[in-house]
Ligand SMILES: [Zn+2]
Ligand SMILES: [Zn+2]
């Protein structure tokens, strides 16, 4: 499994980083895990041909994780001229949220006669799935119920496990999410200010011993985290980082 972190930023592009977008490649296929607002720029910059992606999988419905979906669909229709089915997977409500986002960004577009089949799939903690050759298990995260259900995912392929928190405050569900993973990519938005909907480094450091993953990589860092980045022992994500698991 090869993961390229196309976007490692927070919601605001702090530090010039792109919004969350991960390109996941297995022996059987490719998917994007989150596709935040700036992701069409990130995909173009990385030279990723959109038609090679079978699946888009979302952690939750905030713009910095979900916001480029309308542009991705219109690109598929008018620019990339996609033929193959596109699978759009995510928490409960993913189809309705997609139609809402399309109507907001490009009024009328939800009624498009698409040149390619679109299939929606709800992946929930009770309903795991196999997407682009990855076994995908969802874990409930604690972030913002208005933009969710918010989920983290464990992806398993080729005997390797990649875990991603999406956005979340500290929750005990991070423990089984991380257990035995080859790599955990975990959000760490703030330095030492405890927040109701995001992790801060002080909390993560205090809980870290419970996270049984081989590697821990911090992402979604805000301004206070980036100011302290150089002094941390943990790996930190950056745009273009490749995890070869
Ligand atoms: Zn976010
Ligand atoms: Zn969010």
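The values are calculated or read from the model by the stated rules, or taken from the named source; none is laboratory data. What you see is a predicted model, and the numbers here were worked out from it, not measured in a lab. No Cβ is skipped: glycine too gets one built from the backbone with ideal geometry, and neighbour counts run over all protein chains shown.
Look through 33, 56 and report the one residue that is buried (at least 17 other Cβ atoms within 10 Å of the Cβ), touching a residue at least 60 places away in the same chain (Cβ under 8 Å) and part of a strand (DSSP E or B). Among 33, 56, only 33 is buried (at least 17 other Cβ atoms within 10 Å of the Cβ), touching a residue at least 60 places away in the same chain (Cβ under 8 Å) and part of a strand (DSSP E or B). Only helices (runs of 4 or more DSSP H) whose full extent lies in segment 61-163 are considered here, and the ones with at least 3 residues that are at pLDDT 95 or above, buried (at least 21 other Cβ atoms within 10 Å of the Cβ) and within 16 Å of ligand 1 (Cβ to nearest atom) are 63-66.
For segment 184-200, a residue qualifies if it is surrounded by fewer than 16 Cβ atoms within 10 Å (Cβ to Cβ) and in a strand (DSSP E or B), but none of them does.
Could you identify the single residue in 203, 168 that is away from ligand 1 (no atom under 16 Å from the Cβ) and either assigned to a loop (DSSP other than H, G, I, E, B) or modelled with pLDDT of 95 or more (or both)?
Details: 168 fails: away from ligand 1 (no atom under 16 Å from the Cβ).
When all the criteria are applied, what remains is 203.
Only residues that are assigned to a helix (DSSP H, G or I) and closer than 17 Å to residue 16 by Cα were counted in segment 36-52, giving 8. Might you check whether a residue that is more than 20 Å from residue 208 (Cβ to Cβ) and in contact (Cβ under 8 Å) with a residue 24 or more places away in the chain occurs anywhere in segment 161-183? No: segment 161-183 contains no residue that is more than 20 Å from residue 208 (Cβ to Cβ) and in contact (Cβ under 8 Å) with a residue 24 or more places away in the chain.
Listed conditions (1) modelled with pLDDT of 95 or more; (2) in a loop (DSSP other than H, G, I, E, B); (3) within 12 Å of ligand 2 (Cβ to nearest atom); (4) more than 14 Å from the chain's Cα centre (by Cα) are all met by residue 181, apart from (3).
Looking at segment 11-30 only, could you name the residues that are in a loop (DSSP other than H, G, I, E, B) and either surrounded by fewer than 23 Cβ atoms within 10 Å (Cβ to Cβ) or under 9 Å from the mean Cα position of the chain (by Cα) (or both)?
Within segment 11-30, 11, 12, 13, 17, 20, 26, 27, 28, 29 qualify.
Scanning segment 212-239 for residues that are under 12 Å from residue 164 (Cα atoms) and in contact with a helix residue (DSSP H, G or I) (Cβ under 9 Å, 6 or more places away or on another chain) turns up 213, 216, 218, 220.
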